[in-house]
Amino acid sequence: MDFNKSKNNPDKTPYEILGVDAGADFEDIQKARDTKVKEAGEDLLLKARIESSFDQLLMGSLKARQLGNVSSEAQNASKKEKQINKFINNDFPLLSKIKNLNNNNINNSNEYSFPKFTTPSFDNISIKLSAGLLFLILLFISPDSYNRLLLSFSTLILTYVQIKSGKRFISSLGWSVTFLSIGLIFGGLFETNSFIQEISTNSLSIQKVKSLPAMIILWIGVLLL
């Protein structure tokens, strides 16, 4: 194509300026644009017309896609896909069932999920009191070998309540251990009291008497902290 004629003739269409046929696909238009830009050399006006023509064809292609106009290649690809699916459904029903089963499993996995486990809540003071009374009753009726286990659970509950209220783990654990230690110290003092010793020989074991203050102090912490 003569570039001087192209440059001086403003009536040429974008297809004529780029040298492509009407209905050419995007790749052919882009290749033609690159070739024409190289051939234009230092002619800035001609380069501008080439770029403008390319932009017009590109916008026209995008508008055609938005309006639902599909290229013949896309239509052929869609037809081939339908033919393949029809062939599989008719001649290989087992493959079709497996494909449908996989699709159903994917959909079901999105609809059904594992049940969510929620941690127990100690926000209500009545729940805290009920749980504290339960632990005290368990301390009285359970064997002495379970005393440490009950105290450990109470310490963990106190730590959990503090963490849930916004305190850090180390700080919460430190306060819980402090409450437990104070309770055990009081329990050791009760052990040396003659009146407590008399009670323990009649009803409670000395181990329960030593564990009782720690249990009470821990659950006071649960109520207050």
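We did not get these values from a lab; they are worked out from the coordinates using the rules stated. Worth saying up front: this structure is predicted, and the values here are computed from it rather than measured. In this analysis, Cβ positions are derived from the backbone assuming ideal geometry, glycine residues included, and neighbour counts consider all displayed protein chains.
With neighbours defined as other Cβ atoms within 10 Å of a residue's Cβ, the residues Phe135, Phe26 order from fewest to most as Phe26, Phe135.
When a/c reaches 1.5 or more, the comparison of a/b and b/c decides; with that in mind, is the stretch 125-224 rounded, prolate or oblate per its Cα gyration tensor? Here the stretch 125-224 falls in the prolate category. When Met59, Met215 are arranged by Cβ crowding within 10 Å, least crowded first, meaning fewest neighbours, the order is Met59, Met215. Taking the fewest neighbouring Cβ atoms within 10 Å as the starting point, the ordered list for Ser130, Ser145 is Ser145, Ser130.
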